[in-house]
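Asks: Dropping a structure here in structure tokens format, bear with me for questions.
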Amino acid sequence: MAKPKVAFYWCASCGGCEEAVVDLAEDILKVVEAVDIVLWPVALDFKYKDIEAMPDKSILVSFINGAIRNSEQEHIAKLLRQKSQLIVAFGACAHLGGIPGLANVANRKEIFETAYKLTHTTVNPKEIFPQLVTEIPQGKLTLPEFYDTVKSLDQTIEVDYYLPGCAPPPDLIMKGVQTLLSGNLPPKGTVIASEKALCETCPRNKTKPDKMVIKEIKRIHEVIADPEKCFLAEGIICVGPATRGGCGERCINANMPCRGCFGPTKEVIDQGAKFLSALASIIDANTDEEVQKITESIIDPIGLFYMYSLPTSILRRKQGV
Amino acid sequence: MYKEITIDPITRLEGHGKIDIFLDEAGNVAHACLQVPELRGYERFAVGRLAEEMPRITETICGVCPTAHHMCSTKALDDLYGVEPPPAARKIREFQYNTFMFEDHNLHFYFLGGPDFIVGPDAPAAERNVLGVIAKVGLEIGKKVIDIRKRTRNIIQTLGGRVVHPVNGLPGGVSRGITKEQQEEWKKIAEDAVEFAKFTLKAFDDIVLKNKAYVDLILGDVYKHKTYYMGLVDDNNKVNFYDGWIRVVDPEGKEFAKFKARDYLNHIAEGVESWTYIKFPYLKNVGWKGFVDGKDSGVYRVAPLGRLNASDGMATPLAQEYYEKFYQTLGGKPVHHTLATHWARVIEAMQAAEKMVELINDPEILDPRIRNMDFKTPKVGIGVIEAPRGTLFHHYETDEKGRLTKANLIVATVNNSAAINMSIEKAARMLIKNGVVNDGLLNMIEMAFRAYDPCFACATHNLPGQVPIEINIHNAQGEIIRTIKN
């Protein structure tokens, strides 16, 4: 029997998801043995037209990492959708938009002006900006179109499964691959990780007081966090209550709070809103002044509560620009 | 009419890359350039974010060298808040950083650049990869390479929480200290790292330096550019990856500038071109003269070759021995041969390993005082570090609450962007004559950029470690008359 065909592709990403695959170490050989990799631009020779020539749905599963930021990424994502039975959004950027998704606080014009005009070291008196087509004496040079908005993968194509995390931990990658190859497929839309919030498995959960109340919010650099205690109980923002577990509590093991790279749990649409509601329930404020003082201390709710998920939030992007 | 040759995709420079070569009527190269078709806009969306979150945010610029961004960002926060980390915190950071440099340099040598030499520049493409390396040096050694990568990456994971995108940097310190047990375990790994670096340098000696054809290739004109060089040095002008002075030497090797991160704006500027999303940094006090080398051109180079040329030596004894041999063999300082970067890289891996030993054996590294929280009111913070691929700058401006109002980032690879274009054009010009495109051209051009920049290939450390390149040769009517791929 022919081995199932598998494709890997990356969009607006950093390469960390590829590193995570390499960190499978010896396990990667098991994957290579079990499947026939038809597309892996970072590792294998291929041509887009080879993929175009393949029959529709002939690839069992395509793993796509990175957000959708430009026209080339959109094109390939759509091509892979057509040729694949299953699409897995691999990593936080494909899943939620990721940190590059924070760019939705601005639009293309502002990003270009910052990068090519306003930054300190940029010297650009003629106000040259990258162009889709540049005529040179010998011919034309073309660039893909940079979009106004960063999108998650499922805002561009239909996605079947999600492997969360920045980057996904190797054990979860292995679990995901084995699940998909087993043929015993989970329901469409499944996020291959825990169904529970991070707090449930957090080693600090046991130190969480029965009734948690906080009077002030502290910033991570302003306190020495107790390595045993629940961050929230100490007044440090930790997005654990609004985040899906399964990451192995990697950041918490380094004595740093969660910023939500696994995205929200199943029932939740908007991770930041969910966190805000969790936070509101533990704030101990009786007067308007106290409330104001605490809310003022939350300086950047976008960056803190939506660090990885702005494109898939109900906020979506900056409007009216 | 010109013929156009497109090499696309060549994989990434923090993303993707594409080479365009235009031939004139006679079939000689009229123009060649590298396009970077991607931008993500970090400098814009950093605005409004909390400074202390920047080490987590900016490291997602690169998933191969996240530790470099994380640490550089953390150093910018030290500067922003006017705090020096306590000695233990500084040593933990330096230990983590040198571990990362060691691991990353090995990755490049064995998986990316090394195969060109170990297996051979004109070996069949299918063998020119890490598997070919293992076939040549033996399975035992292949296992050794995988083992040392795993163990050193585990150190980074333990200290940083995540190995891809660590989280432990804070202004004035780190979030977690080192235990006695960890110290004992890591001493052994550090010693093994030195042994491994020795082994690598010996392999380089046996396989590359004892082969006259390879030495000729390194010293050949195809891969040579006389440029300025930049790198971080300590007070004695010795190579330092973590901190120090930014030193620039001219194409004759004479000191041209030496400054602290805070003064970088007086020395570096960046130009913009319409045909690519990447910018082109140059030395402000020389000026931009286009994609040319020489003393009158502000183009400078960074990364291992830049660092060695910009220094007076290595900071550790074994690495220093190899440094001396490097310049003796290659005809004195500075070395302008791009391919010598590979040798410089393995010499640096030795310094990183020796530094690991030095730092982990320092009793002070166990001191529980790992935070300095004597913060001043934040305003401007500038950090610099030597990423594996060159000097990296993070510059933040904030309001009094530490919320960003402005950011400027010069990413390691970007420093080399003008030089990479020049190297590709030169290699193309010298290798393509009268319309004859030899199959070997593919790898020769790959070699021209691979020496600089694993970020191009940042994921080609995946098996089988091959950058996919396709060259289509068009006739004057635009029809494809020949396709070459590796």
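Asks: State whether the stretch B:32-77 is rounded, prolate or oblate according to the following rule on the C-alpha gyration tensor (a ≥ b ≥ c being the square roots of its eigenvalues): a/c under 1.5 gives rounded; otherwise a/b larger than b/c gives prolate, and the remaining case gives oblate.
Replies: Here the stretch B:32-77 falls in the oblate category.
Asks: Here is a follow-up. Which value, in debye to the nearest 20, describes the size of the charge dipole of the protein assembly as shown about its Cα centre when Lys and Arg Cβ atoms bear +1, Asp and Glu Cβ atoms bear -1, and nothing else is charged?
Replies: It comes to approximately 420 debye.
Asks: Take every DSSP beta bridge whose two residues both sit in the protein assembly as shown, then give the antiparallel share in percent to the nearest 5.
Replies: 70 percent
Asks: With angles folded into 0 to 90 degrees, how steeply does helix A:71-83 sit against the dominant principal axis of chain A? Use alpha carbons for both and round to 10.
Replies: Around 70 degrees separate the two axes.
Asks: Next question. Once the other residues with Cβ under 15 Å from the Cβ of residue A:194 are scored (Lys, Arg +1; Asp, Glu -1), what is the net sum?
Replies: Net charge around residue A:194: 0.
Asks: Something else now. Classify the stretch B:357-446: rounded, prolate or oblate, from the alpha-carbon gyration tensor (a ≥ b ≥ c, eigenvalue square roots; a/c under 1.5 rounded; otherwise prolate if a/b is larger than b/c)?
Replies: Since a/c reaches 1.5 but b/c is at least a/b, the shape of the stretch B:357-446 is classed as oblate.
Asks: Give the average, rounded to an integer, of partner chain Cβ atoms located within 10 angstrom of each Cβ in A:163-170.
Replies: 3
Asks: With label points built 7 Å along Cα→Cβ from the Cα atoms of residue A:36 and residue B:260, find their separation and express it in nm.
Replies: 6.3 nm
Asks: Suppose every Lys and Arg Cβ carries +1 and every Asp and Glu Cβ carries -1, with no other charges. What dipole size does the stretch B:310-449 come out with about its Cα centre, to the nearest 20 debye?
Replies: Dipole about the Cα centre, nearest 20: 580 debye.
Asks: While we're on this one: With Cβ to Cβ distances under 10 Å as the rule, what net charge do the other residues near residue B:398 carry (K, R +1; D, E -1)?
Replies: Here the count lands on +2.
Asks: Rounded to whole Å, give me the distance from the Cα center of the stretch B:313-364 to that of the stretch A:202-231.
Replies: Each part's Cα centre sits 45 Å from the other's.
Asks: Determine the shape class of chain A: with a ≥ b ≥ c the square roots of the Cα gyration tensor eigenvalues, call it rounded for a/c under 1.5, and otherwise prolate if a/b is greater than b/c, oblate otherwise.
Replies: Judged from the Cα gyration tensor, chain A comes out oblate (a/c at least 1.5, b/c at or above a/b).
Asks: With +1 on each Lys and Arg Cβ and -1 on each Asp and Glu Cβ, how big is the dipole of the stretch A:157-310 about its Cα centre, in debye rounded to the nearest 20?
Replies: 460 debye
Asks: Report the full-extension gain for the segment residue B:150 to residue B:325: residue separation times 0.36 nm, less the Cα-Cα distance, to one decimal in nm.
Replies: Extra length from residue B:150 to residue B:325 when fully extended: 60.0 nm.
Asks: Kindly count the pairs of lysines across the stretch A:146-230 whose alpha carbons are less than 19 Å apart, treating pairs on different chains or eight or more residues apart as eligible.
Replies: So the count of such lysine pairs works out to 11.
Asks: How much accessible area per residue does chain A have, counting only protein heavy atoms and a probe of 1.4 Å, in square angstrom?
Replies: The answer is 41 Å² per residue.
Asks: Another one. State the Cα centre-to-centre distance between the stretch B:43-117 and the stretch B:158-237 in whole Å.
Replies: 14 Å
Asks: Moving to a separate point now. With unit charges on the beta carbon (Lys/Arg positive, Asp/Glu negative), name the residue among A:84, A:9, A:199 whose Cα is farthest towards the positive pole of the charge dipole of chain A.
Replies: Value: A:84.
Asks: Quick one: angle between helix A:271-282 and the longest Cα principal axis of chain A, in degrees between 0 and 90, rounded to 10, please.
Replies: 10 degrees
Asks: Take the alpha-carbon centre of the stretch B:397-446, take the same for the stretch A:152-193, and report the distance between them in whole Å.
Replies: Each part reduced to its Cα centre gives a spacing of 35 Å.
Asks: Residue-wise, which Karplus ³J(HN,Hα) couplings in Hz belong to the stretch B:306-321, taking 6.51 cos²θ - 1.76 cosθ + 1.60, θ = phi - 60°, and x for glycine or proline?
Replies: Result, rounded to whole Hz: x, 5, 5, 5, 7, 10, 9, x, 8, 8, 10, x, 5, 4, 4, 4.
Asks: Here is a further query. What ³J(HN,Hα) values, in whole Hz, does the Karplus curve 6.51 cos²θ - 1.76 cosθ + 1.60 give for the stretch B:236-245 when θ = phi - 60°, with x put for Gly and Pro?
Replies: 9, 6, 8, 4, 9, 8, 8, 6, x, 9
Asks: Could you work out the local net charge near residue A:233, counting Lys and Arg as +1, Asp and Glu as -1, over the other residues with Cβ closer than 10 Å to its Cβ?
Replies: Local net charge: +1.
The values are calculated or read from the model by the stated rules, or taken from the named source; none is laboratory data. Keep in mind that this is a model prediction, so the values were computed, not measured. In this analysis, Cβ positions are derived from the backbone assuming ideal geometry, glycine residues included, and neighbour counts consider all displayed protein chains. Quick note on the areas: whole protein, heavy atoms, side chains included, nothing else; ligands and nucleic acids left out. Shrake-Rupley method; radii C 1.70, N 1.55, O 1.52, S 1.80 Å.
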